[in-house]
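Read through the structure below, which is laid out as structure tokens, and then see the notes.
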Amino acid sequence: MDETVAEYIRRTVLKIPRDEIKTMLQKWGFLSEAQLQTLNFHQRKDNISQDVVHLCEENSADIKQAAILDITYNHFYQNKRMWSVYQMKKSGEELEFFDITDFKKKFKGRLRSALKNVTITFKEYEDNAIWIRVAWGTPYKKPNQYKPSYVVYHSQTPYVFISASVLKSTLPLLCQALIVASNYHDIREMELRSHSLNSLKDIVFKRYSQNFQTYYPKPLQGRNVEPENADIRIVQENRSEKERIHRLNWEVFGGGPQPKLEFAQYKLETMFKSDPKMGVLDKKEPFRCLVKFSSPHLLESLKSLAPAGMADAPLSPLLTCIPHKARNYFKIREKKGLFPESFVSP
Amino acid sequence: ENVDPQKTAFLLRKAWTLYSVTPLYRFHRARLRDYARLLSAFIAAEKQKGLAVEVGVELDIKVAVSSLADLRGSEQDQAAVLVQLSLRSRASSRNSEDKLVWLGWFCSVYGDDLSENVPEDFTCLPLFLTHGAESYTSMVGSWFQKTFDCCFRRLAISPLNLSWMVAMWAGCKLDRAASAVELDFSVPHLSQPLDISYAIHPEDAKALWDTVQKMPGEITQEEVDVFMDCLYAHFHRHFKIHLSAAKLVKVSTAVASAHCDGIVKILHSQYLPGVLMLLTELAISQIQ
């Protein structure tokens, strides 16, 4: 077995928490159950990984199998990576039959014609996701297995999720190969990024509970904002206001769980407006700001701002549009004309 | 007032943890080398007791205590005192350099409010700044407390003081391209905590402050409030969120940055005295 492959397998196993190593190796499927039985998972990780490498040697593992182990690891720990969303565009409307073999062939062909040294690996999952791993080399160097790019493609959709290699120059080539292989003619990056791959899918595939702006008369009377107090001396002063906020929140966010995003970023290039009495800044140029919101679960957090008294209800459309506009990076400029208070996001 | 930038370069671009210190009893500047020896022995004893900071290799801690004559505000201020802890490996030869592991310095910049009112035997150096492992800070602090009967307390910086800092520093004139004026807020008590970072282009922030400030060289609470209200209003216009109800946790500008837990980074030597003066004032109000 090639010693770089051995080292790569060893290091990959070391990344896995000890309790998960057996499961990961089973998911990988390269070592037989009998071989796995011979491993002692209670020893130090250093030793476990050495033993795994020995077993791989017995099976003459090559870089292909090692790459599949890496995909298995990254599929399991997908939320460790940052994912960006790309949308592909077709010229015609025809829904062509997707042929996975053709896709793989064209993808590999496109990459290999540009770059001789690449390692390309595919793995398909039950949810119609095709995971692609590409390790990049140069005409003179073997591929760097430690800085690969990962692509997740759902063939029934025009969306591709990319966790790019730190070798940034590889991205254009990767995009090209994708459109060639999938018979699209263009690809663009959406302003949508997150660690939570599933949430990105929820957003672009519209899998979260949305509310379509229908009016619900007498909404949610049965659903109390707060549990009734047994003590009748305690009276809710702002009950109607609380209910109004609750209803507006429900209208905007829906009743179900929100997609999990960690941040949203707004580049503001709008004018600074103030009460003329204050006698402050009155420039004709934009007041340039960069605002970032971050949270373990951003949308849930924003949803709770108005009920907490921290924000007005309804919340600003700049925030509530995140899921249905499928973006969390925005550039906001002043909208000229009739409605000076509204904003334009290009 | 004119501090030699060479001598104070080491203060810049480091994150300093701030403490207030009550006046030191019978601290004698002539005995700095003795103090260094005693502190060194104290640290060695603490490590023997099992409070070692390094595992594995046995290392000597070398202590240096010195006076920084230039680091003060007025003539009434005591000159700053610097304590340096270095590691010297026993295994190393003579030429190997000692590795600086911890720095701490006491200072007073226009601390007259305090020094005017203390008896003679006391030395006022109300501000203590440290950089390095907490375990060393703890040992140095304990020794000073025992030896000079003083008291150390972490210096928290309130949102009110942070707003003063950001308003002041946003207005500073800088020759080079400056970094953004950034305010970091936290909204902890939600179902999911939320952090908000609000960064303003330094030219625009300065332009705003310039129209708010009435007399150059003078800042009033009202002006700081107006400045902050403007920023809050601009934010509310876009997001409908009341930023004033969130907790201001950190402010950063090209001059300096400050965190509410009492951590400060000074980036520009030109404004070093101004920043230290403000921090001395905070330390004194915590003591009194």
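The values are calculated or read from the model by the stated rules, or taken from the named source; none is laboratory data. No experiment lies behind these values; they were computed from the predicted model shown. Positions of Cβ are backbone-derived with ideal geometry, glycine not excepted, and every protein chain shown enters the neighbour counts.
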Problem - Meets criteria (at pLDDT 90 or above and either more than 12 Å from every other protein chain (Cβ to nearest Cβ) or farther than 19 Å from residue A:199 by Cβ (or both)) for residue A:248 - result: no
Handout entry: segment A:43-59 residues that are over 14 Å from residue A:1 (Cα atoms) and at pLDDT below 95, paired with ones that are part of a helix (DSSP H, G or I) and of a type outside the set (Val, Ile, Thr) (beta carbon under 6 Å, 6 or more apart)
Key = A:45/A:14; A:45/A:18; A:49/A:10; A:49/A:14
Practice task
Inspect all residues belonging to segment B:51-65 and state whether any of them is assigned by the TED database to the domain that holds residue B:141, part of a loop (DSSP other than H, G, I, E, B) and at pLDDT 80 or above.
Solution key: no
Problem - Residue within segment A:266-280 that is of a type in the set (D, E, K, R), assigned to a helix (DSSP H, G or I) and modelled with pLDDT of 80 or more present - result: no
Practice task
Tell me which of these residue A:30 doesn't satisfy, since it passes every other one: (1) surrounded by 15 or more Cβ atoms within 10 Å (Cβ to Cβ); (2) farther than 30 Å from residue A:127 by Cα; (3) of a type in the set (Phe, Trp, Tyr).
Solution key: (2)
Handout entry: strands (runs of 3 or more DSSP E) completely within segment B:148-204 that count 3 or more residues being more than 19 Å from the chain's Cα centre (by Cα)
Key = B:181-187, B:194-200
Practice task
Assess whether residue B:263 counts as being within 24 Å of residue B:7 (Cα to Cα), hydrophobic (A, V, I, L, M, F, W, C) and touching a strand residue (DSSP E or B) at 6+ places or on another chain (Cβ under 9 Å).
Solution key: yes
Practice task
Would you check which residues across segment A:330-343 are at pLDDT 90 or above and surrounded by fewer than 16 Cβ atoms within 10 Å (Cβ to Cβ) and list them?
Solution key: A:331
Practice task
Those residues that are surrounded by fewer than 18 Cβ atoms within 10 Å (Cβ to Cβ), assigned to a helix (DSSP H, G or I) and without any contact (Cβ under 8 Å) to a residue 40 or more places away in the chain, I need them from segment A:12-27; list them, please.
Solution key: A:14, A:18, A:19, A:22, A:23, A:26
Practice task
Being farther than 23 Å from residue A:72 by Cβ and either in contact with a Gly (Cβ under 7 Å, 6 or more places away or on another chain) or surrounded by 18 or more Cβ atoms within 10 Å (Cβ to Cβ) (or both) narrows it down to one of A:117, A:144, A:183, so name that one.
Solution key: A:117
Problem - Residue that is under 15 Å from residue B:161 (Cα atoms) and away from chain A (no Cβ under 14 Å), where the choices are B:261, B:225 - result: B:261
Problem - Of all residues making up segment B:160-198, the number that are out of contact with any strand residue (DSSP E or B) (no Cβ under 6 Å at 6 or more places or on another chain), of a type outside the set (Ser, Thr, Tyr) and closer than 20 Å to residue B:241 by Cβ - result: 5
Exercise for the section: Look at residue A:49 and say whether it is surrounded by 14 or more Cβ atoms within 10 Å (Cβ to Cβ) and either of a type outside the set (Val, Ile, Thr) or more than 23 Å from residue A:131 (Cβ to Cβ) (or both). Expected result: yes
Problem - Condition broken by residue A:286, with the remaining ones in (1) within 14 Å of chain B (Cβ to nearest Cβ); (2) at pLDDT below 85; (3) surrounded by fewer than 18 Cβ atoms within 10 Å (Cβ to Cβ) satisfied - result: (2)
Exercise for the section: Please verify whether segment B:190-201 includes one or more residues that are more than 7 Å from every other protein chain (Cβ to nearest Cβ) and touching a residue at least 12 places away in the same chain (Cβ under 8 Å). Expected result: no
Problem - Residue, modelled with the highest pLDDT, within segment B:155-183, restricted to residues that are within 18 Å of residue A:287 (Cα to Cα) and not hydrophobic (A, V, I, L, M, F, W, C) - result: B:182
Handout entry: Residue pairs meeting the criteria (Cβ under 8 Å; at least 6 apart or on separate chains; first more than 16 Å from residue B:105 (Cα to Cα), in segment B:20-34; second loosely packed, with under 12 Cβ neighbours inside 10 Å)
Key = B:25/B:121; B:26/B:121
Problem - Flag for residue B:285 being within 11 Å of chain A (Cβ to nearest Cβ) and either within 19 Å of the chain's Cα centre (by Cα) or among the polar types (S, T, N, Q) (or both) - result: no
Handout entry: Condition check for residue A:153: under 18 Å from the mean Cα position of the chain (by Cα) and either buried (at least 20 other Cβ atoms within 10 Å of the Cβ) or within 15 Å of residue A:68 (Cα to Cα) (or both)
Key = yes
Problem - Condition met for residue B:142 (among the hydroxyl-bearing types (Ser, Thr, Tyr), within 14 Å of another protein chain (Cβ to nearest Cβ) and in contact with an Asp or Glu (Cβ under 9 Å, 6 or more places away or on another chain)) - result: no
Problem - Some residue of segment A:78-97 being surrounded by 13 or more Cβ atoms within 10 Å (Cβ to Cβ) and modelled with pLDDT under 90 - result: yes
Completion exercise
The one condition residue B:219 fails out of (1) among the β-branched types (Val, Ile, Thr); (2) more than 14 Å from chain A (Cβ to nearest Cβ); (3) in contact with a strand residue (DSSP E or B) (Cβ under 9 Å, 6 or more places away or on another chain) is (3)
Handout entry: Residue satisfying condition, being more than 10 Å from chain B (Cβ to nearest Cβ), buried (at least 17 other Cβ atoms within 10 Å of the Cβ), part of a loop (DSSP other than H, G, I, E, B) and at pLDDT 85 or above, within set A:323, A:307, A:259
Key = A:259
Practice task
Give the residue that is nearest to the other protein chains (Cβ to nearest Cβ), with candidates limited to residues of segment B:228-253 that are touching a strand residue (DSSP E or B) at 6+ places or on another chain (Cβ under 8 Å) and within 15 Å of residue B:168 (Cβ to Cβ).
Solution key: B:231
Practice task
Only residues that are part of a helix (DSSP H, G or I), facing another protein chain (nearest Cβ under 7 Å) and either buried (at least 22 other Cβ atoms within 10 Å of the Cβ) or on the phi > 0 side of the Ramachandran plot (or both): list them for segment A:289-300, please.
Solution key: none
